[in-house]
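Below: one structure, written as C-alpha cells.
The values are calculated or read from the model by the stated rules, or taken from the named source; none is laboratory data. Everything quoted here is computed from the prediction, not taken from an experiment. As a convention, Cβ positions derive from the backbone with ideal geometry for all residues, glycine included, and neighbour counts pool all protein chains shown.
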Amino acid sequence: MSDTPMVAMHGVQKFFGSVQALTDIELTVAPGEVVVVIGPSGSGKSTLCRTINRLETIDEGVIEVNGVRLPEEGKALAALRADVGMVFQSFNLFAHKTVLENVSLGPIKVRGQKKADAERRAHELLERVGVDAHAHKMPAQLSGGQQQRVAIARALAMDPQVMLFDEPTSALDPEMIKEVLDTMTDLAKGGMTMIVVTHEMGFARTAADRVVFMADGRIVEENTPEEFFSHPSSDRAKDFLGKIL
Ligand code: ADP
Ligand code: MG
C-alpha cells in the first residue's frame, strides 16, 4: 500500500466575505479510510467537502487528492473532479433522464466510454445498490431512498478514488435511511476511501475508522469512534454529544 494520502489538506482557510468558514484545516485521509465528520450546523462540514472537489475555492493552503494538488481550472480540474465522487443531501439526479442514463452518461461524456460498456457497468452498479429493477424509470418514480442509491451508483460509475457524502440521509424518511446507510457500509467494507458528513451516530460508530469533530470552522478533535464517543475531550464535543445522544 502506498504512503500517499488519498486526501491531504494543509493550512486551509476559506472565507465567505467576512465569515471564515474554514480555519487552519489539517486533515489527511489514508487510502481505504472512512472518516466521519460531525459537528453543529454552520461548523463548516459542507464547505470542507466542497473544497475537496473544488466546488468551492480556498483562500489559503493546499489540498491534494492522491498526491495531486488541486488545479485551479481547465481539463486537469475536470479530471481531478471525476476522481472525487460526491453525494449530496438532495439527490441531484437529472430529472429528465432515466435512472440508467443518470448512471451511464458521465462515463460516456467525461470518461469517453462506449454506450454499451457504460450501460453494462451502470446495470452492475444499480444491481449492487439494489435498484436495477428501476433502471428504465424516471427518478421521480422512485422513493427518496432509491433515488439516493442511484446517486451513489452514479458517483461510483466514474470510478472515483474517494467518495464524499454530505448528509446523504438527512432528506430521507426514517424507513429509507437504513437502506442508504447499508449501501454506504458495503462500500466502506469494499475498501472505498470515504469522507462522510452525517448525523447518524450509529453509522459513525460502526463504519468510521476515525471521527472528525468540527466547530466554528475548525477541526476541534479527531479520534477513533470508540474514544470519541466515550471520552470526548473538548467542551464543544461534549456539549454537541449531550444534545444529540
Ligand atoms: P455545515 O455544513 O457544517 O452546516 P457550512 O459549511 O454549510 O456548515 O457553513 C459554514 C459557514 O459558512 C456558515 O457560517 C455558513 O453560513 C457559511 N457559508 C457556507 N456557504 C456559504 C456561501 N455560499 N456564502 C456565504 N456563506 C456561506
Ligand atoms: Mg452542511
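When 200, 167 are screened for being buried (at least 18 other Cβ atoms within 10 Å of the Cβ), within 17 Å of the chain's Cα centre (by Cα), within 16 Å of ligand 1 (Cβ to nearest atom) and without any contact (Cβ under 8 Å) to a residue 40 or more places away in the chain, only 200 passes.
If only residues of segment 38-71 that are among the β-branched types (Val, Ile, Thr) and assigned to a helix (DSSP H, G or I) are counted, the one that is farthest from ligand 1 (Cβ to nearest atom) is 52. Is it fair to say residue 101 is within 16 Å of ligand 2 (Cβ to nearest atom) and of a type in the set (Asp, Glu)? When the stated conditions are applied, residue 101 does not pass them. When residues in segment 16-37 are screened for being touching a strand residue (DSSP E or B) at 6+ places or on another chain (Cβ under 9 Å) and near ligand 1 (Cβ under 9 Å from one of its atoms), 4 of them pass. Scanning segment 1-37 for residues that are out of contact with any Lys or Arg (no Cβ under 6 Å at 6 or more places or on another chain), among the hydrophobic types (A, V, I, L, M, F, W, C) and either within 16 Å of ligand 2 (Cβ to nearest atom) or not in a loop (DSSP other than H, G, I, E, B) (or both) returns 7, 8, 9, 12, 15, 16, 19, 25, 27, 29, 34, 36. For segment 140-174, a residue qualifies if it is touching a His at 6+ places or on another chain (Cβ under 9 Å) and either within 16 Å of ligand 2 (Cβ to nearest atom) or within 16 Å of residue 96 (Cβ to Cβ) (or both), and the qualifying residues are 141, 142, 150, 167, 169, 170.
Remark: pairs (first residue in segment 110-134, in contact (Cβ under 8 Å) with a residue 24 or more places away in the chain; second residue of a type in the set (Lys, Arg) and part of a helix (DSSP H, G or I); Cβ separation under 7 Å; 6+ apart in sequence or on different chains) = 129/149; 130/149; 131/149.
Out of the residues in segment 50-71 meeting the condition of being away from ligand 2 (no atom under 16 Å from the Cβ) and among the aliphatic types (A, V, I, L, M), tell me which one is nearest to the chain's Cα centre (by Cα). Of everything passing the filter in segment 50-71, 65 is nearest to the chain's Cα centre (by Cα).
The residue list 128, 205, 218 contains one member that is more than 16 Å from ligand 2 (Cβ to nearest atom), among the basic types (Lys, Arg) and in contact with a Ser or Thr (Cβ under 9 Å, 6 or more places away or on another chain), which is 128.
Determine whether segment 41-49 contains at least one residue that is buried (at least 17 other Cβ atoms within 10 Å of the Cβ), within 13 Å of ligand 2 (Cβ to nearest atom) and over 23 Å from residue 201 (Cα atoms).
no
Of the residues that make up segment 166-173, is at least one at pLDDT 95 or above and not in a loop (DSSP other than H, G, I, E, B)? Yes; the residues of segment 166-173 include at least one that is at pLDDT 95 or above and not in a loop (DSSP other than H, G, I, E, B).
Total residues in segment 72-87 satisfying the condition of being without any contact (Cβ under 8 Å) to a residue 12 or more places away in the chain and either within 16 Å of ligand 2 (Cβ to nearest atom) or surrounded by 14 or more Cβ atoms within 10 Å (Cβ to Cβ) (or both): the figure is 0. Residue pairs whose Cβ atoms lie under 7 Å apart, separated by 6 or more positions or on different chains, with the first residue in segment 212-223 and within 12 Å of residue 27 (Cα to Cα) and the second of a type in the set (Ser, Thr, Tyr) and away from ligand 1 (no atom under 12 Å from the Cβ), are 220/234; 221/233; 221/234. For residue 104, the test of being touching an Asp or Glu at 6+ places or on another chain (Cβ under 8 Å), more than 28 Å from residue 30 (Cβ to Cβ) and among the polar types (S, T, N, Q) is passed.
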